Amino acid sequence: MAAWWMLRWVVAAAAAVAAVLALDNGLARTPPMGWLHWERFLCGTDCAADPRRCTSDVLRFLSRWCALPVPSEQLFMEMADRMAADGWRDAGYEFICIDDCWMAPTRDKQGRLQADPKRFPGGIRKLADYVHSKGLKLGIYSDVGNKTCAGFPGSYNYYDLDAQTFASWGVDLLKFDGCNSDSLELLAEGYRHMSLALNNTGRSIVYSCEWPFYLRPVQQPNYTEIKQYCNHWRNFYDVYDSWSSIKSILDWTALHQDTIVKIAGPGGWNDPDMARTYPKLPRSHALLFPASLLVIGNFGLSWDQSVTQMAMWAIMAAPLFMSNDLRHISPEAKCLLQNKEVIAINQDPLGKQGYQLIKDKNFQLWERPLSGRAYAVAVLNHQEIGGPQNFTFSLTFLGNGLACNPACSIRQVLPASRDWGVYSWISSLSVEVNPTGTVLLKPNVTNSHRSIIKSSKCLHLLIASILLDLQLGSTHSSLSTIFLVVLAWEEEQ
């Protein structure tokens with residue numbers, strides 16, 4: 001027993017050290033959830049067609065190049081109304097986030113940022129008050145450099161003032177981009193400085209960074225340091241409304257999982273984004289806009305691809321920020337985005353990010369450890385032609401042999417919820433998956449350690465399984481089973 005208590009102490013000490021290394025602002029203990037305007041509404045409008053979202057003179061350059069719509073105060077109020085009235089807030093989506101293009105082209109006489117008076121006539125404080133009155137929180141955007149990605153005033157040399165300004169407006173989240181910084185040293189210093197400045201305001205403001213994304217072309221990010229300053233951070237380009245975008249994000253995440261999975265946890269999360277640039281713009285005006293976005297409910301994904309994004313964002317413990325029009329969303333998309341079982345997996349308090357276990361031709365098998373010795377499992381079919389195909393795998397692959405040991409009940413969460421029944425841990429599971437689709441499963445161990453020992457039948461089965469695994473070379477599964485049997489024996493004494 002002494003050895004067992006020593007092991008528990010070591011695990012607890014390691015967890016305590018990990019907690020110290022996370023940003024100490026008490027926020028984002030689970031991945032943040034909300035709505036952000038960027039992918040769906042971009043940065044410009046036809047004022048004649050929609051006077052609620054009127055473009056300002058400063059964006060005529062952008063409009064000439066991209067015909068982008070500029071969001072307005074009215075848009076965010078209407079989205080807040082929908083989030084409060086249509087169940088989004090109750091499902092866990094709490095942030096309404098403004099992305100780039102909200103600012104006036106210059107700071108005020110005191111050097112403070114100011115909202116474009118044509119599109120935000122009441123100012124950000126009024127909008128924040130309205131959002132808060134709906135039981136929601138307001139997010140805003142700025143940039144570590146001297147200009148934002150769209151050319152508005154950045155926060156360089158104004159970090160403390162901007163943090164105080166955001167706090168005085170009642171802002172609850174800052175998405176901090178990395179355009180127009182002169183060097184990697186200034187970039188890193190800017191991200192550190194703004195983190196401390198936000199904490200010094202005394203207001204709880206979630207801090208979303210783009211730090212590792214802007215480092216990666218030149219050097220490997222130091223994720224341990226980044227987690228000390230940021231609540232979540234973007235690793236890859238922004239998502240856009242297409243299957244190729246979603247697929248690229250998943251491929252990148254699997255390729256880099258040995259580096260990024262271990263750093264994620266309560267207070268700090270990987271942000272699996274994908275970006276688009278506008279190639280017709282001169283290089284100095286290239287747009288790279290940050291957003292951790294669910295594009296479900298827009299135009300580019302099929303139903304199966306929408307299921308894949310929702311399932312995999314849950315497996316990856318990703319921030320869930322929708323970018324869609326909540327005023328005109330289909331019942332099917334709404335049901336998927338508000339699925340309580342999927343959101344519960346994403347928000348699981350253990351806070352461990354999932355990872356790819358197996359890649360076999362067109363199939364991928366992913367798992368995520370959950371609290372209460374549970375796991376979430378995703379089977380993804382990458383094939384883009386043909387019909388549904390079956391993928392078969394042994395349950396001993398899951399959780400180093402612990403996810404279904406000695407038996408488990410399996411529940412399918414997506415694409416539709418249903419119970420599959422009870423399986424022994426040496427069973428194989430065959431899953432039928434549509435092209436570009438995903439089946440999300442949740443196995444739960446059904447037997448306690450005491451019942452393992454009390455059932456001689458089950459004990460004989462476990463011993464036989466150990467011998468079979470050792471014969472096959474499956475040492476990880478065998479050691480896990482031996483550990484369970486020894487632990488159960490200790491409890492019985």
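The values are calculated or read from the model by the stated rules, or taken from the named source; none is laboratory data. Just so you know, these numbers come straight off a predicted model, no measurement behind them. When we count neighbours, we look across all protein chains shown, and the Cβ atoms used for this are built from the backbone with ideal geometry, even at glycine. When the accessible area is computed, the model is the full protein with side chains, heavy atoms only, and any ligands, DNA or RNA have been set aside. Shrake-Rupley method; radii C 1.70, N 1.55, O 1.52, S 1.80 Å.
Values as computed for the structure displayed
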item: Only Lys, Arg (+1) and Asp, Glu (-1) charged, at Cβ; the range 356-446 dipole about Cα centre in debye; result: 200 debye
item: Residue 134 accessible area, 1.4 Å probe, all protein chains in place, Å² to nearest 10; result: 60 Å²
item: Carbon and sulfur %, accessible surface of the range 356-446 computed with the full protein complex present, 1.4 Å; result: 47 percent
item: The range 356-446, relative contact order in percent, only Cα pairs under 8 angstrom and at least six apart counted; result: 34 percent
item: Lys, Arg +1 and Asp, Glu -1 on Cβ, resulting dipole of the range 65-173 about Cα centre, debye, nearest 20; result: 340 debye
item: Span per principal axis, largest first, for the Cα atoms of the range 356-446 (Å); result: 38, 24, 22
item: Dipole axis of the range 356-446 (+1 Lys, Arg; -1 Asp, Glu on Cβ), positive-most option in 424, 363, 389; result: 424
item: Among the listed pairs 262/442; 359/442; 147/352; 340/442; 227/352; 175/442, those beyond 24 Å (Cα-Cα); result: 147/352; 175/442
item: Chain lengthening between residue 344 and residue 327 when straightened (0.36 nm per residue, less Cα-Cα); result: 3.6 nm
item: Computed FRET value (nearest 0.05) for residue 302 with residue 78, which takes r as the C-beta separation and R₀ as 22 Å; result: 0.20
item: At R0 = 25 Å, FRET efficiency that the Cβ-Cβ distance of residue 86 and residue 129 yields, to 0.05; result: 0.70
item: Heavy-atom accessible area ranking, 1.4 Å probe, most first, across 94, 384; result: 384, 94
